[in-house]
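Before any comments, here is the structure.
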Amino acid sequence: MKINRWLLWGSCCSLLALSACSEEAANQEAKAAESLEVASVDWAEAEVKKVETKTDDLTAKADALKKEVDMLLAKEQEQSVFIDVPNGPAGHWAYSHIMSLYEKDIIRGYPEEKKFYPERTITRYQAASMLIKAFNLPLSNTPSVFKDVPDTHPNVREIMTVYEAGFFKGSNGFFKPLESMQRKHMALVLQRAFELKEKDTEINDYKDVPPQMEAYEAIKIISQYGIATGNDGYFKPEDPTKRSQFSAFVDRALQIK
């Protein structure tokens, strides 16, 4: 009986010892798992902070780039003499021609508005005024020969100047200073003013400019010089000439002169 009791007691002690060891091992595993979990959270938070930092850096760079672009655009706009004739990739197609004439003091536009109104049609008087400045012609004091331009007309001197220079001839005794300059008349005036002669350069006839048209030769000649070349085989001789177009034509002609 004593032996059995001692065996029972030894077994109980062993069980208690094993139980204690198991509990300790479980505690250690739990602590290890907790440490691993904490480490995982810390790593994740660190990675998130890295991403946030990179995102903040990219945002800051994008903001700085936008500010730089805005400043450049604002500076470019300030440098534009006419707010309706912008420069740059998205600017007006005739910008360089208009600015070339502006720098030569051939055009002034509307300084009080800082506009040139490039898409408006140019009047016969405005075209005459531009050519007077382009050729630096002294103003005439000759009495008017036109029925619609009396000697009291505010622009009589300019009109008589281009008439005497042979640039304009008028029609049936009328100059029609406020009428739009048709493209065919523009060709005639530029060909006369710059004394352009026909070249050997072959050029296809325009579909809307028959040989019997008065301006046929003038249109052909300015086309040979690349001053005005029409569009898709059409010259549109009856269409009014825009201010931007006439500026481009005069500037191109001046480069030939």
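Observations on the model:
- Full extension of the chain between Ile83 and Asp151 gives 20.8 nm of extra length, using 0.36 nm per residue less the Cα-Cα distance.
- Size check on region 74-185: the Cα extents along the three principal axes, sorted descending, read 50, 26, 23 Å.
- Compared with the alpha-carbon gap, the fully stretched path from Trp93 to Glu195 is longer by 34.0 nm at 0.36 nm per residue.
- Per-pair calculated FRET efficiency, R0 = 35 Å: Tyr110 and Thr142 via Cβ, rounded to 0.05: 0.70
- Taking a Cβ cut-off of under 14 Å around Ser140, the surrounding Lys, Arg, Asp and Glu residues balance to a net charge of -2, with basic ones at +1 and acidic ones at -1.
- Stretch gain in nm, segment Glu119-Glu214, where the contour uses 0.36 nm per residue and the Cα spacing is subtracted: 31.5 nm
- Highest average packing first - 224-237, 54-67, 182-195, 102-115, Cβ atoms within 10 Å: 182-195, 224-237, 102-115, 54-67
- Of all lysines in the structure, the ones whose alpha carbon falls short of 26 Å from that of Lys115, not counting any fewer than 8 places away in one chain, are Lys75, Lys104, Lys133, Lys176, Lys242.
- A cut-off under 14 angstrom between Cβ atoms defines the neighbours of Ser244, and their net charge, with Lys, Arg +1 and Asp, Glu -1, is +2.
Each value in this text was obtained by applying a stated rule to the coordinates, not by laboratory testing. Owing to the predicted nature of the structure, the values given are computational and were not obtained by experimental measurement. Every residue, glycine among them, receives a Cβ derived from its backbone with ideal geometry; neighbour counts consider all protein chains shown.
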